[in-house]
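The values are calculated or read from the model by the stated rules, or taken from the named source; none is laboratory data. Note that the coordinates shown come from a computational prediction; the quantities given were computed from them, not determined experimentally. In this analysis, Cβ positions are derived from the backbone assuming ideal geometry, glycine residues included, and neighbour counts consider all displayed protein chains.
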Amino acid sequence: MTESAAITHDLLTGLINRKTFHDMFDKALEKSKNSNEPLSLAFIDIDHFLKLNDTYGHSGGDDVLVALAEILREKAGENDIICRYGGDEFAILFPSTEREQVFLLVEEIRASAAAQTILLSKSDQKIQGISISAGIACAPIDGCLKSEIMRKADQALYRAKLTGRGKVRLAYDERMVPKTSHYTQTQLERLSKLAGERQAGEAELLREALDDLISKYGVNEIER
């Protein structure tokens, strides 16, 4: 890998890294808005990855990451954007693709990973099957903001993990629970101004802020 590629790509898998992914996400979302075409996002996570590392060592875990990256390359389209998002999590952007189409493709990825036999590079052991969970969201049906699309894809992934792993889940319309809340007049005025500037709903921005708070204290974290 060249020095310039090392800045934009993950050294282990050769996929683009998180920073590059976010840059490409911004451009793809802007193009989606201008063309009135959908943009889908899938978060994919390896189940019980810590246990894999404990059982087969970090080199075994690396072999699994490389094998899954190859499956993603094989199954994704030439215009799809594949990223090693961090650790054992991957992200794929699907331009001009509805989320139902993406669901079928990611389900195909899940089945292919589950059937994969991995020969470990530093031992004569084999790992039979990679269990993955995935969450999918799509602009504009699930939101127009990048943060909203990412939040809904992440929550769909969280539901896939929570309901037994080895599953693919779509984002869904969230049930809003009324709460008695107290905000200052200044806060409400600033919120209204920000919503106008971002061309987003005030509720979207409040949900984003609440999710940031929840993430800060690790409430969303579950065993990987």
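Some observations on this one:
- The single condition among (1) more than 22 Å from residue 67 (Cα to Cα); (2) assigned to a helix (DSSP H, G or I) that residue 40 does not satisfy is (2).
- Just one residue in the set 71, 92 is in the same structural domain as residue 156 (by TED's automatic domain parsing), within 18 Å of residue 154 (Cα to Cα), without any contact (Cβ under 8 Å) to a residue 60 or more places away in the chain and not basic (Lys, Arg); that residue is 92.
- Residue 90 satisfies every condition listed in (1) crowded, with 20+ Cβ neighbours inside 10 Å; (2) at pLDDT below 95 except (2).
- Looking only at residues in segment 166-186 that are within 21 Å of residue 215 (Cβ to Cβ) and not acidic (Asp, Glu), the one that is modelled with the lowest pLDDT is 176.
- Here segment 16-34 is the region considered, the condition is being in contact (Cβ under 8 Å) with a residue 60 or more places away in the chain and over 12 Å from residue 93 (Cβ atoms), and the residue that is surrounded by the most Cβ atoms within 10 Å (Cβ to Cβ) is 17.
- Scope segment 44-53; condition part of a helix (DSSP H, G or I) and surrounded by 14 or more Cβ atoms within 10 Å (Cβ to Cβ); matching residues: 49, 52, 53
- A single member of 139, 28, 115 is of a type in the set (A, V, I, L, M, F, W, C) and either in contact with a Pro (Cβ under 6 Å, 6 or more places away or on another chain) or not assigned by TED's automatic domain parsing to the domain that holds residue 151 (or both), and it is 28.
- Test set (1) crowded, with 21+ Cβ neighbours inside 10 Å; (2) within 17 Å of the chain's Cα centre (by Cα) - residue 73 fails condition number: (1)
- Condition met for residue 61 (buried (at least 18 other Cβ atoms within 10 Å of the Cβ) and of a type in the set (Gly, Ala, Ser)): yes
- Lone qualifier among 107, 100 - being of a type in the set (Asp, Glu), closer than 27 Å to residue 145 by Cβ and touching a strand residue (DSSP E or B) at 6+ places or on another chain (Cβ under 7 Å): 107
- Residue 41 within 19 Å of residue 105 (Cα to Cα), touching a residue at least 12 places away in the same chain (Cβ under 8 Å), touching a helix residue (DSSP H, G or I) at 6+ places or on another chain (Cβ under 6 Å) and surrounded by 15 or more Cβ atoms within 10 Å (Cβ to Cβ): yes
- Taking segment 1-15 as the range and being assigned to a loop (DSSP other than H, G, I, E, B) and surrounded by 18 or more Cβ atoms within 10 Å (Cβ to Cβ) as the test, the residues that pass are 10, 13, 15.
- Taking first residues from segment 194-210 that are without any contact (Cβ under 8 Å) to a residue 40 or more places away in the chain and partners that are of a type in the set (Ser, Thr, Tyr), the Cβ contacts under 8 Å between residues at least 6 apart in sequence or on separate chains come to 202/192.
- Subset of segment 46-60 that is touching a residue at least 12 places away in the same chain (Cβ under 8 Å) and closer than 17 Å to residue 133 by Cβ - its residue that is nearest to the chain's Cα centre (by Cα): 46
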